[in-house]
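Quick one: the structure is below, questions incoming.
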Amino acid sequence: MLRNNVFLFFLVFSFLLVACDSNRVFDVYESVPNKWHKDSVIRFKVNPPDSINPYNLFVNLRNTNDYKYNNLYLIVEMVFPHGRTIKDTLEYRMAEPSGKLLGKGFTDVKENKLWYKEQVVFKETGEYTVNIQHAMRENGKVNGIVALEGVTDIGFRIEKPKTK
């Protein structure tokens, strides 16, 4: 019963946020079942609205208290309509030194809006693909973490820069 009420609260709250978000151009989430496997690539297909205006790009992430690391390493790849690819390895801080998780949220689910790129102009017309996978490692170990716990959803967001 409590879980249903929490879900309903987040659903209503999400609709209210989306309705008030005039800068949003693209904002989609994909759920991660149980644990995020290191070989699991989350893909987003994007058709930008134009090839003239600049946009800010974000990786959105929802995590729970089961996420036990202070940082997050991601490999984000953007595939352009004509085949060119840009691949970035990114690091984000996910917790304070005390271990308290960063992000917004009232329950144990935290939402993080992580900068990817700013002032991007989509000069090529057509469909872009954004691929996201984790690249987490434990200190002193060569092999990556096979199944990353605590990540529930990965999102990709494009928004108009805020006007001053």
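Quick check: with the 1.4 Å probe, what order do Ser40, Ser31 take by accessible area, largest first? Please report the intermediate quantities before stating the final value.
On the way: Ser40 40, Ser31 85 Å².
Largest to smallest exposure gives the sequence Ser31, Ser40.
Find the percent of Cα-Cα distances in the chain that exceed 24 Å, and round it to a whole number. Walk me through the numbers on the way to the answer.
Working: 5305 of 13366 pairs.
Of all Cα-Cα distances in the chain, 40 percent exceed 24 Å.
Within the stretch 54-78, find all residues whose amide N lies under 14 Å from a label point positioned 7 Å from the Cα of Glu149 along Cα-to-beta-carbon.
Once the point is set 7 Å along Cα→Cβ of Glu149, 64-69 turn out to lie under 14 Å by backbone N, inside the stretch 54-78.
On to the next question. At a 10 angstrom cut-off on C-beta neighbours, averaged per residue, how do the peptides 129-139, 115-125 rank from highest to lowest?
Numbers: 129-139: 15.8, 115-125: 13.6.
Final packing ranking: 129-139, 115-125.
What is the spread of the Cα atoms of the stretch 23-79 along each of their three principal axes, largest first, in whole Å?
The Cα atoms of the stretch 23-79 stretch 41, 22, 18 Å along the principal axes, largest first.
Computing the accessible area with a 1.4 Å probe over protein heavy atoms, can you report the carbon and sulfur percentage for the stretch 87-164?
The computed percentage sits at 49.
Shifting gears a bit: In whole Hz, with x marking every Gly and Pro, tabulate ³J(HN,Hα) for the stretch 149-155 from phi via Karplus 6.51 cos²θ - 1.76 cosθ + 1.60, θ = phi - 60°.
Couplings: 8, x, 8, 9, 8, 10, x Hz.
Still on this structure: Within straight cross-link reach of Lys68, meaning Cα distance under 19 Å, which aspartates and glutamates are found once same-chain residues fewer than 8 apart are removed?
Glu91, Glu96, Asp108, Glu111, Glu138, Glu149, Asp153
Quick one: compute the contact order of the chain, relative version, from alpha carbon pairs under 8 angstrom and 6+ residues apart, as a percent.
In percent, rounded to a whole number, it is 41.
The values are calculated or read from the model by the stated rules, or taken from the named source; none is laboratory data. Bear in mind that the values here come from a model prediction, so they are computed numbers and not experimental data. All Cβ positions, glycine included, derive from the backbone under ideal geometry; neighbour counts span all protein chains shown. Remember, those area values only see protein heavy atoms, side chains included, never the ligands or the DNA or RNA. Shrake-Rupley method; radii C 1.70, N 1.55, O 1.52, S 1.80 Å.
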